1. Could you grab the pairs with beta carbons closer than 7 Å, sequence gap of 6+ or different chains, first residue in segment 22-46 and open to solvent by less than 30 Å² (accessible area, probe 1.4 Å), second one in a loop (DSSP other than H, G, I, E, B)?
2. Assess whether Ile58 counts as being touching a residue at least 40 places away in the same chain (Cβ under 8 Å) and either touching a Gly at 6+ places or on another chain (Cβ under 6 Å) or open to solvent by less than 30 Å² (accessible area, probe 1.4 Å) (or both).
3. Which is of a type in the set (A, V, I, L, M) and closer than 18 Å to Gly73 by Cα, of Met1, Met37?
4. Of everything in segment 36-53, what is over 14 Å from Val8 (Cα atoms) and in a helix (DSSP H, G or I)? Give them in sequence order.
5. If you go through segment 2-9 one residue at a time, do you hit one that is open to solvent by less than 100 Å² (accessible area, probe 1.4 Å), of a type in the set (Ser, Thr, Tyr) and in a helix (DSSP H, G or I)?
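The values are calculated or read from the model by the stated rules, or taken from the named source; none is laboratory data. Bear in mind that the values here come from a model prediction, so they are computed numbers and not experimental data. Here the Cβ is made from the backbone with ideal geometry for all residues, glycine too, and neighbour counts use every protein chain on show. Accessible surface is based on the protein model in full, side chains and every heavy atom, while ligands, DNA and RNA are left aside. Shrake-Rupley method; radii C 1.70, N 1.55, O 1.52, S 1.80 Å.
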Amino acid sequence: MLNSICDVIRMERITKRLSQKEVAKKLGRSQSYYTKMEKGKAGITLRNLLKLLEIFEIDYFEFNKKVKKRFKGDPFYYV
């Protein structure tokens, strides 16, 4: 499930045309830490997740729907 969450976070960032550096700055974290979060190598706290949703301007329910589709292996999960 963590991989699905990370995939959706990465796709949201790309869709919003934000760099990892920009997101990290808005999140109050270093770029290297954010990169690790996106790759699933650093934990994503609830606080950081909620802040990311705010940065990406997506509500929790829409985010959750995308994660569930990705987790189920839907190749069109991001449409």
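1. Ala24/Ser30; Met37/Ile44
2. Answer is yes for this residue.
3. Unique residue meeting the criteria: Met1.
4. Listed by number, the residues that qualify are Lys36, Leu46, Arg47, Asn48, Lys51.
5. yes
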